[in-house]
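Data first, discussion second: the structure below is written as structure tokens.
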Amino acid sequence: MPGERTLADYEGRWNAFCNWMDENYPKKDAEGNKIPWELRQINKEHAERYISEIGAGKSANTRNKTLTFLRLVFKVLAEDARKERMAEHELVCVGTYPAEALAELARMRLEESGIGSFVASDDCGGMLPFLQAATGVRLSVRGSDAELALRVLARADVESGPSAIGSGDGQ
């Protein structure tokens, strides 16, 4: 963890960058009130212009420290954004069924509700279908759709009975 002095230095560098953005790229709402920049709106052009402008009035040491700080900030933010996007697209198994036909019925229920899904089984490409009984047939959706998919499948079990679409165990 950085020390107090380092954190104060980071805060100063960040505030200087934010002030520079406000002066050079003022952002206002429809009534002319100043509104803050969102980090996702700051691009490479902004950062390059900032570094070139502070380069003229600052020492090489200060310029390098500022550049290093900004790289660190945007690297961390990019990693967090990438993780968030990956979590949204991460696949989640919402049911395991004893046979592919039952998993397909459940997939169709999800499709009717506008939820994309896919069926997967470990049966050697259909050459050894008896493996489905041992490992089950998985129904998966995007992580962002998992909660809704589970509700749709639970509702389908209640309306039609578990034997109509199988009993997905949500694992």
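Since every read-out is calculated from the coordinates, none of them should be taken as a lab result. Worth saying up front: this structure is predicted, and the values here are computed from it rather than measured. Here the Cβ positions follow ideal geometry from the backbone for every residue, glycine too, while neighbour counts run over all protein chains shown.
Measuring from label point to label point, each 7 Å out along Cα→Cβ, what is the Ala120 to Cys93 span in nm?
So the two model labels end up 0.9 nm from each other.
Working out 0.36 nm times the residue gap between Thr6 and Glu111, then minus their Cα-Cα distance, what length gain in nm do you get to one decimal?
Here the segment from Thr6 to Glu111 would lengthen by 32.5 nm.
What net charge do the residues around Asn61 carry, taking every other residue with its C-beta under 15 Å from that of Asn61, with Lys and Arg at +1 and Asp and Glu at -1?
Summing Lys/Arg as +1 and Asp/Glu as -1 gives +3.
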